[in-house]
Every structure is written in structure tokens, then in C-alpha cells.
Number of protein chains: 2
Amino acid sequence: MSLIQPTRLERLSAIRTASNVDAFLLTSPSTVKCFSGYFYDFEIGPSPFHLLPAALLIAPEQGISMVIADNESFENQVSGSDISVVQYASYGYETAIDPAKEFMFKLLKELKQKNLGNAVIGIEQNALPFIVSKGILSEYPDVKFVDVSDEIANLKAVKDGDEIDNICKATALCDIGQSSVLRNAKVGMTELELFSIVQTEIEASVGMRVPIMLDLVSGARTKEGGGSPSNTIIQQGDLILSDLTPCLNGYWGDSCNTIAIGKPTDIQRDHFKMIQQALGSAIDFIRPGVKANAVDGLLRKHLKSAGNYGHHSGHGVGTTSHELPRIVPYNDILLEENMVIALEPAIYTDVYGIRLEHMVLVKENGCEILTKFSHQFEQE
Amino acid sequence: MSLIQPTRLERLSAIRTASNVDAFLLTSPSTVKCFSGYFYDFEIGPSPFHLLPAALLIAPEQGISMVIADNESFENQVSGSDISVVQYASYGYETAIDPAKEFMFKLLKELKQKNLGNAVIGIEQNALPFIVSKGILSEYPDVKFVDVSDEIANLKAVKDGDEIDNICKATALCDIGQSSVLRNAKVGMTELELFSIVQTEIEASVGMRVPIMLDLVSGARTKEGGGSPSNTIIQQGDLILSDLTPCLNGYWGDSCNTIAIGKPTDIQRDHFKMIQQALGSAIDFIRPGVKANAVDGLLRKHLKSAGNYGHHSGHGVGTTSHELPRIVPYNDILLEENMVIALEPAIYTDVYGIRLEHMVLVKENGCEILTKFSHQFEQE
């Protein structure tokens with residue numbers, strides 16, 4: 001039987017010890033989501049009224065503070081009662097407000113209250129703005145920054161139970177979307193019109209707008225493996241490749257199916273089956289201790305006779321759409337229980353492309369398929 | 001007759017002189033768009049394979065370089081032949097790639113080639129990642145950074161002709177969207193279903209997905225002034241407030257209308273007319289030399305008898321949805337020719353809200369309305 005895994009906060013504590021840091025200042029939106037539950041909807045671009053969506057200051061003995069703009073709603077989002085939410089003035093119309101200055105003022109106050117004036121602080125160096133590092137060092141010249149991006153990325157690859165629940169809510173949207181493509185794709189419709197129906201069904205199911213990263217291409221466009229939906233009109237005999245990657249409250253789902261409009265050719269049918277079998281074999285093979293590149297190699301070997309697909313075989317999914325572990329030839333890390341992985345083998349010919357994708361959760365003795373839709377090639 | 005205005009690159013040169021900097025390293029997506037034409041579609045969130053969408057190194061005598069990931073398409077986007085595009089490896093499946101390291105390697109090479117090893121470099125300090133400042137200072141300890149964010153923001157408030165053309169393409173999408181709301185809103189439909197039709201019409205008109213920031217609320221939700229469309233069902237007698245802010249290739253449009261489903265009350269009709277008249281008066285009043293807060297004051301004075309709306313009266317629009325000049329009580333800057341401004345007066349009561357918005361271009365002797373739709377309260 002599986003032992004109870006340490007939670008992500010416990011694993012963060014282990015990073016603190018191993019990296020010799022006193023505290024963490026975490027600023028990438030996906031990491032903030034992971035440790036606080038707070039999700040900033042990126043779909044409308046960066047806010048002109050914020051420096052950052054939010055910043056998380058985690059000092060295990062002194063508690064966790066989240067610095068966030070006062071016009072952001074975080075209720076029903078922030079997980080646990082251990083996080084003290086510190087709001088800064090960000091938008092006003094009656095007096096001038098500089099949100100970056102207000103943010104810095106509150107952050108420096110938190111550093112002081114937590115006695116971090118000469119601390120070693122673990123940061124994500126790609127996601128920390130210059131103004132923040134400069135502001136901290138001006139006030140506290142003895143602070144040292146240590147980049148812990150790689151450690152955090154490795155930590156995020158293994159999910160806690162609440163995260164798996166959230167991912168499953170996102171994969172349910174993949175199921176709705178793939179079912180919608182299969183039912184609604186018709187000759188004469190544009191790719192954009194089809195996507196509009198799909199998006200409407202996904203959003204209606206949760207009663208809110210849902211950011212969706214996607215490939216939705218028809219006919220000859222499928223051989224490129226993807227692309228955004230366009231005004232290209234769906235024709236009899238086309239294949240439609242739909243890779244739907246919705247983000248629900250900060251956790252992503254990922255899925256791909258390819259369908260035929262009308263009767264596919266025998267070779268197309270064979271290719272579809274080959275990919276389905278390859279995917280099935282990989283799913284049977286995955287368990288803790290298997291190397292990521294062994295999964296990649298297995299998929300490529302199965303499809304070798306039809307050529308090599310020029311992309312990864314898969315990737316982790318969580319608060320980022322593509323995260324660790326990468327399922328690629330060079331990555332020999334061992335898969336672990338509670339990793340969530342999307343697998344997406346494909347065949348591309350000179351005239352069409354077929355790709356099938358499922359998301360799986362690595363479990364003690366194997367893996368569980370999280371996307372529940374079936375890969376179906378032909379419409380009823 | 002109006003004199004020919006200096007272009008934004010000429011105005012950037014003036015900032016260089018005034019701020020005593022040798023070169024600029026510009027990293028905010030909206031500034032990169034403004035000076036290069038390159039637009040990163042934020043709608044799918046930050047790419048896990050990039051450090052930044054792109055960075056622009058502008059050293060007037062040594063030319064302009066744009067450092068960008070090799071998996072980003074920039075063709076037909078980058079304006080002018082003066083920009084040398086430097087690509088860095090960002091995604092690969094056969095060997096491990098660290099996009100941040102690759103980015104830094106190329107950026108440092110560009111700094112060297114332009115002899116900027118001991119330069120004073122103007123930056124946008126909110127948008128420069130720590131890893132970049134650290135990487136530059138490790139290699140070139142004599143480099144000095146000077147924040148020029150405010151100067152760049154002021155520069156962007158005044159548009160060149162090509163930018164006005166791009167903004168007009170975005171406002172045309174506002175017109176399509178507002179017409180769609182008026183034609184399609186029906187009792188029994190959810191807000192999300194209505195938005196789906198609106199979005200489909202907007203996207204079909206340009207044959208591509210279009211990021212749309214929006215308020216689309218019905219009934220009692222209108223009194224809050226906005227919100228995302230939900231599964232709330234549109235009822236007879238509801239008002240629908242639709243603030244549609246689409247982004248086309250990096251330039252934004254902005255617009256708001258409020259419509260009645262069925263027959264509005266006399267007071268609602270009066271409120272609608274009051275706002276329409278206030279907006280008309282402000283548009284008549286706007287010309288170069290008028291103070292921003294005089295426009296704000298005029299709008300509030302017109303609507304005073306119905307209470308004060310708790311937000312700005314307007315804002316600049318360009319490569320950011322809200323930019324300078326802010327039309328607010330405290331802002332006494334003088335409006336200039338070629339500023340583009342959205343004006344959005346409103347009345348909110350205890351039971352409903354009405355807001356009307358147009359975008360205008362400040363011209364030599366007045367202003368031109370860029371959004372061409374009419375504010376119409378009742379459906380045919």
C-alpha cells in the first residue's frame with residue numbers, strides 16, 4: 001500500500017532545507033496558484049493596474065502572506081486559512097495611485113514583519129520583476145536571492161489530492177469539448193463556427209468563460225499538426241484535428257482527437273488504429289519507476305513505420321499547460337506516483353495528420369486515464 | 001494646418017536625450033508591439049517555452065534588434081526593415097533547451113555588438129525579469145539601468161498614423177459586436193449564449209480568434225457596472241450592459257452600449273438620454289489643449305442629478321486596453337492631437353446600470369468618433 005505522500009507545502013519545506021534558503025518569494029502565476037489557490041485569469045492580458053497578479057511570501061516559521069491588488073477577488077479561491085492576504089491599492093479614479101509602489105510598500109512591510117531583512121530568499125528568477133529585486137535590495141542590502149525555479153518545477157510535477165480533483169474538473173471539459181466536435185462537425189461549416197459551438201458547450205457546463213488553448217484544423221491543415229481555427233470551410237473527406245486544452249480556475253486539461261468527415265481511406269483508418277494502439281501500450285506501460293524517455297521510445301517505436309512525429313510524446317499538466325515531466329527522448333527521470341501526464345502520439349503524412357491524446361494520473365501500480373472521452377474516428 | 005508630428009521612434013530618441021540613456025531595452029509586450037509591430041497573443045497565457053514574448057534593444061545609432069523565440073512567427077508583423085530579428089532556441093524535443101539561457105546568450109551578444117557594455121540603458125522596470133538584469137550585470141558590471149516607464153507611457157498616449165489605422169480595425173470589431181448584441185439578445189437566452197453569438201460574428205469577420213475583454217451582464221447585474229457573462233438567463237424587462245473590448249493583432253478597441261429587452265421604463269429612457277447627451281457634450285468639447293479632468297468634470301456635471309459613477313470617465317487605448325491619458329478628476333494634463341480616448345459615462349441606480357462608451361481620436365480642431373455604431377436602447 002502506498003504511504004501518505006508529503007503535501008506540496010511539506011515538500012517546499014524540504015527545498016528550503018536543501019537549498020539553504022530562509023523563505024520563498026514566489027511570483028509566477030502558476031506557482032502562486034499551486035500554493036495559494038489564487039488564479040489570475042490571463043485571458044484578458046496583463047492588468048494595467050497591477051505590478052503582478054499576486055506574490056506569495058512563504059517563511060515556514062513566520063507564516064504565508066499573499067500580496068495582491070485590492071481590486072482582485074480572491075474569495076472562495078485561497079486555500080486554507082494559513083494564508084494572510086495583504087491587499088495593496090491598485091486602482092482609483094479620485095487620486096493617483098502607482099500600483100507598483102503600493103505593492104512594494106506592502107511587500108517590504110511583510111519582509112520586515114517576518115524578520116527577513118537579511119534572509120536568503122528563494123525566488124523564481126524568470127518571474128521576479130527588476131523593480132521588486134531592486135526595491136528589496138535598496139531597503140535590505142543584506143538579502144540574498146537564490147533561484148529555486150528548477151526545484152519548484154520538480155515539486156509541481158507531483159500533485160496533491162486537491163490538485164488532482166481540480167485537474168479532473170478541467171479534463172471533464174475536455175470530454176465535453178471532444179464530444180461536441182464529434183457531434184457538431186459538418187461539411188460547409190468553418191473551423192471557427194465549429195469552435196464556437198464547442199466553446200459554448202464547454203462554457204455553459206460551468207457557467208463561466210473558460211480560456212481554451214487549442215488546435216482546431218481541418219483538411220490539409222492537419223498535416224502541420226495544429227493551428228488556430230480559421231474561416232477554412234470543412235469539406236467532405238476532411239480530417240479534423242482538435243487539441244483542446246481548457247483552463248478551469250487555473251488548472252489545465254489537455255486532450256486531442258482526430259475525426260473524419262465522411263468515409264476515411266483505409267490507410268487513414270490504419271493510421272488511426274496504430275496511434276490508438278501505441279497510446280494504449282504506453283498507458284499499460286506507465287507506472288512509478290518507469291523512465292520518461294522509455295515511454296517516449298515506446299510510442300515512437302510503435303509508429304516508426306509511419307515516420308517520426310516532430311514533437312514531444314507528452315508532458316506534465318497542472319497549473320501550467322506544459323510542465324514536468326517532459327516525455328521526450330533525452331529525459332531519463334523516473335515517473336512518480338501522482339504525476340499527471342498528457343500523452344500525444346501522432347502520425348503526419350504529406351497530406352494529413354492524426355494525433356490522439358489522453359491525460360493519465362500515475363498511480364501506485366499503473367496509471368488511470370483522466371480524460372474519459374473515447375477516441376472515435378468516424379461520426380455516427 | 002497641422003505640422004507633421006515626429007514619429008514614435010523620433011519621440012523615443014527625444015526621451016533618450018532627455019533621460020541621458022544610450023539605449024533602450026524594452027520588454028513589456030505592449031511596448032514591444034508599439035515599436036516593432038510584433039504581437040504575442042496573451043490569450044493562452046505565458047508560454048512555458050519562453051522567458052519573454054520578445055525583447056527590443058533599441059540603440060539609435062547601432063540599430064534595433066528584436067530577440068524572440070524561434071518558434072514564434074513574426075512574419076507580416078514586424079514593421080519596417082530596420083529591425084534585425086534575433087531568434088533564440090526555445091523548444092525542442094530531442095535535446096534539453098533552457099529558453100532563458102538561450103535568450104540571455106543572444107541578448108548579451110547583441111549588447112556586445114552594439115558596444116553597450118558600459119551603457120546607460122533605459123528599461124521598463126516592472127517588465128524586466130530579474131534573470132535579465134542579473135545576467136547583464138554579471139557580464140557587464142558597468143551597465144546602468146534607468147527606468148523610463150513613465151516616459152514610454154506618455155509617448156504611447158500619442159499615436160502615429162499606422163497605429164490609428166490598426167486601432168480603427170479593432171473598433172470595427174466593436175461595431176460588429178454591439179450590432180450583434182442588439183440583434184441577437186432575446187428573452188430565455190443566457191448571457192454566455194448571447195456572448196457566444198457575438199464572439200462568433202466578431203471572429204468570423206476577421207477569420208481568426210480574437211481576445212475579447214468584456215462586461216456582459218443582464219438585469220440586476222447591470223447595477224454593478226460589469227462582470228463576465230454567466231448562465232444568468234435574460235428576462236423580459238432586463239437591461240443588458242455590454243462593454244466589448246476586443247484586441248486585434250495587439251491593438252485594442254473599446255465600446256459600451258446598454259439595451260433594454262422589451263419596453264424600458266420612462267426613467268430608464270431618461271437616464272439613457274442623459275448619458276447620451278453627456279457623452280455628446282464631451283465629444284463636442286474635446287480638442288488639443290483641453291485638460292483631461294475638464295472632460296471628466298463635464299461628464300460628471302451632466303449626470304450629477306443621477307448620482308456619481310464610481311469609476312473613471314475614460315482612458316487612452318492603444319497597445320494596452322487602458323493607457324494614458326486617464327480621464328479622471330486629478331489628471332490635469334492637456335489633451336494632444338492623435339491621442340485616442342475611450343469615454344464611458346454611466347448612471348448606476350439601486351436596481352440597474354446604464355453605461356455608454358465611444359472611442360475618439362483627438363484631431364487638430366476637435367475629435368473624430370472612431371466607434372461607428374450608434375447607442376441604441378431599444379431593439380427593433
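May I ask you to verify whether B:SER90 is over 26 Å from B:VAL21 (Cβ atoms) and either within 11 Å of chain A (Cβ to nearest Cβ) or within 24 Å of the chain's Cα centre (by Cα) (or both)? No; evaluated as a whole, the condition is false for this residue.
Within region B:186-212, restricting attention to residues that are among the acidic types (Asp, Glu) and facing chain A (nearest Cβ under 9 Å), which residue is surrounded by the fewest Cβ atoms within 10 Å (Cβ to Cβ)? Residue satisfying both the conditions and the ranking: B:GLU193. In region A:299-315, is there at least one residue being in a strand (DSSP E or B) and within 14 Å of chain B (Cβ to nearest Cβ)? Yes, some residue in region A:299-315 is in a strand (DSSP E or B) and within 14 Å of chain B (Cβ to nearest Cβ). Please go through region A:173-212 and give me each residue that is outside any helix (DSSP H, G or I), closer than 21 Å to A:GLU357 by Cα and in contact with an Asp or Glu (Cβ under 8 Å, 6 or more places away or on another chain), ordered by number. A:VAL210, A:PRO211, listed by residue number. Answer yes if at least one residue in region A:284-304 is buried (at least 16 other Cβ atoms within 10 Å of the Cβ), touching a helix residue (DSSP H, G or I) at 6+ places or on another chain (Cβ under 7 Å) and in contact (Cβ under 8 Å) with a residue 60 or more places away in the chain, and no otherwise. Among the residues of region A:284-304, at least one is buried (at least 16 other Cβ atoms within 10 Å of the Cβ), touching a helix residue (DSSP H, G or I) at 6+ places or on another chain (Cβ under 7 Å) and in contact (Cβ under 8 Å) with a residue 60 or more places away in the chain, which makes the answer yes. The set of residues in region B:48-72 that are free of Cβ contacts under 8 Å to residues at least 40 places away in the same chain and hydroxyl-bearing (Ser, Thr, Tyr) is empty.
Note on region A:124-172: residues that are part of a helix (DSSP H, G or I), in contact (Cβ under 8 Å) with a residue 12 or more places away in the chain, within 11 Å of another protein chain (Cβ to nearest Cβ) and among the aliphatic types (A, V, I, L, M) amount to 4. Restricting region B:213-225 to residues that are in contact with a helix residue (DSSP H, G or I) (Cβ under 6 Å, 6 or more places away or on another chain) and either within 10 Å of chain A (Cβ to nearest Cβ) or part of a loop (DSSP other than H, G, I, E, B) (or both) leaves a set whose member that is surrounded by the fewest Cβ atoms within 10 Å (Cβ to Cβ) is B:MET213. The residue of region A:117-139 that is surrounded by the most Cβ atoms within 10 Å (Cβ to Cβ), among those that are aliphatic (A, V, I, L, M) and closer than 27 Å to B:SER149 by Cβ, is A:LEU128. None of A:LEU51, A:LEU111 is in contact with a helix residue (DSSP H, G or I) (Cβ under 8 Å, 6 or more places away or on another chain) and at pLDDT below 95 except A:LEU51. Only one of the listed residues (B:LEU335, B:LEU324, B:LEU343) is in contact with a Gly (Cβ under 9 Å, 6 or more places away or on another chain), more than 11 Å from every other protein chain (Cβ to nearest Cβ) and closer than 20 Å to B:GLU151 by Cα. That residue is B:LEU335. Taken together, the criteria place B:GLY237 among residues that are surrounded by fewer than 24 Cβ atoms within 10 Å (Cβ to Cβ) and more than 14 Å from chain A (Cβ to nearest Cβ). Kindly establish whether B:PHE39 is under 24 Å from A:LEU52 (Cα atoms), away from every other protein chain (no Cβ under 14 Å) and in contact with a Lys or Arg (Cβ under 9 Å, 6 or more places away or on another chain). Considered against the rule, which asks whether it is under 24 Å from A:LEU52 (Cα atoms), away from every other protein chain (no Cβ under 14 Å) and in contact with a Lys or Arg (Cβ under 9 Å, 6 or more places away or on another chain), B:PHE39 comes out as no. Residue count for region A:306-345 under the criterion of being touching a Pro at 6+ places or on another chain (Cβ under 7 Å), without any contact (Cβ under 8 Å) to a residue 60 or more places away in the chain and within 16 Å of B:SER47 (Cβ to Cβ): the result is 1.
One residue stands out in region B:71-87 among those that are in contact with a Ser or Thr (Cβ under 6 Å, 6 or more places away or on another chain) and modelled with pLDDT of 80 or more: the one that is nearest to the other protein chains (Cβ to nearest Cβ), namely B:ASN71. Note on region B:350-375: residues that are assigned to a loop (DSSP other than H, G, I, E, B) and surrounded by 14 or more Cβ atoms within 10 Å (Cβ to Cβ) amount to 7. Within region A:102-123, if we keep just the residues that are within 14 Å of chain B (Cβ to nearest Cβ) and aliphatic (A, V, I, L, M), the residue that is farthest from A:GLU61 (Cα to Cα) turns out to be A:MET104. The single residue among A:ASN257, A:ASN308 that is closer than 30 Å to A:GLN235 by Cα and surrounded by fewer than 15 Cβ atoms within 10 Å (Cβ to Cβ) turns out to be A:ASN308.
The values are calculated or read from the model by the stated rules, or taken from the named source; none is laboratory data. From a predicted model like this one, the values you see are computed outputs, not experimental measurements. Note that each Cβ is placed from the backbone with ideal geometry, even for glycine, and that neighbours are counted across all protein chains shown.
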